[in-house]
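The block underneath contains the structure these notes are about, expressed in C-alpha cells.
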Amino acid sequence: MKKRTGSSALKIRLVGLSCLLLLSCGYAFAPQGEHIDKRINNIYVAPFINKTAEAEVENYMRTAFIDQVIQSNRFKTVPTLEQADAVINGNVISLTTAALSYRNNILAAEERMTITLEASFREKESGKTIWSSQNVVGTTDYKLQDNVDPQPARRQALPKLAKDTAENAFNMMMSDF
C-alpha cells in the first residue's frame with residue numbers, strides 16, 4: 001500500500017474542513033422570523049380592503065398572503081380572528097397598467113401591472129405592530145393577445161402579481177425589514 005504524501009493529506013484535510021464549515025455555518029435561504037415572539041404561532045389573514053376600481057384584487061392578495069403563511073414553517077393560518085395570536089391586515093391602494101411595447105398598429109403588445117399595498121402584522125392581544133409598510137409595491141409584465149381586449153391577459157397576470165407581491169412582503173415581515 002502506498003503512503004500518502006504530506007500535500008495529499010493536507011488537501012484532504014482542507015476539503016474536509018471546508019465541508020464542515022459550510023454545513024455548520026447556520027446560513028438560511030429564507031428569513032424565519034427569529035425576531036418574532038415564539039408564542040405567536042397562529043396567524044389570521046384579515047380580508048383586505050380594495051381601494052381600486054379592479055374587482056376582486058383584494059381577494060387575490062389575501063389568498064396570496066394565506067399561501068405564504070401556509071408555506072412558512074414558522075406559522076399556521078387560522079380561519080377566525082378569535083383563534084389567532086397575530087393578524088395580517090392589508091389595503092390595496094392602487095393597481096395600474098402601463099404599455100411596455102407596441103405592435104405596428106399602435107396597439108400595446110406588452111404591459112406592466114403595478115400594485116401598491118399597505119400591510120401590517122400585529123399581535124392580537126397587545127395590538128403591538130410587529131411589522132408594517134405603507135408602500136409595498138409589486139410588478140409583473142405580460143403579453144397581450146392579438147385581439148383588442150386586454151382584460152383576459154390582465155386577469156391571468158393578476159394571480160402572479162399577487163403571489164409575487166405577497167411573497168416579497170412576507171419575506172420583509174420575517175426579516176424585520
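Each reported figure results from applying straightforward, stated rules to the coordinates on display, with no laboratory input. Because the structure is a prediction, the values reported are computed rather than measured. Note: ideal-geometry Cβ built from the backbone for every residue, glycine included; neighbour counts use all protein chains shown.
Cβ crowding within 10 Å, taken as a proxy for footprinting-reagent exposure, orders 92, 136, 78 from fewest neighbours to most as 78, 136, 92.
Its relative contact order, with pairs defined as Cα atoms under 8 Å and 6+ residues apart, puts the stretch 83-146 at 34 percent.
Find out how many positive minus negative residues lie around residue 45, taking Lys and Arg as positive, Asp and Glu as negative, among other residues whose Cβ is under 11 Å from that of residue 45.
Details: positive: 62; negative: 67.
That sum, taken over residues with Cβ under 11 Å, equals 0.
Per the Kirkwood formula applied to alpha carbons, the stretch 32-175 shows a radius of gyration over Rh ratio, Rg over Rh, of 1.06. Close amide H pairs (under 5 Å, H built 1.01 Å from N) link residue 48 with 62, residues at least 5 positions away or on another chain.
Given Cα pairs under 8 Å that are at least 6 residues apart, what percent is the relative contact order of the stretch 32-175? Each step should come with its number before you reach the end.
Details: 291 pairs, mean separation 35.9, N = 144.
Answer for the stretch 32-175 is 25 percent.
By the count of neighbouring beta-carbon atoms within 10 Å, fewest first, 107, 158 end up ordered 107, 158.
Using the 10 angstrom Cβ neighbour count as an exposure proxy, how do 155, 122, 62 rank, fewest first? Before the final figure, lay out each step's value.
On the way: 155 12, 122 17, 62 20.
In increasing order of surrounding Cβ atoms, one gets 155, 122, 62.
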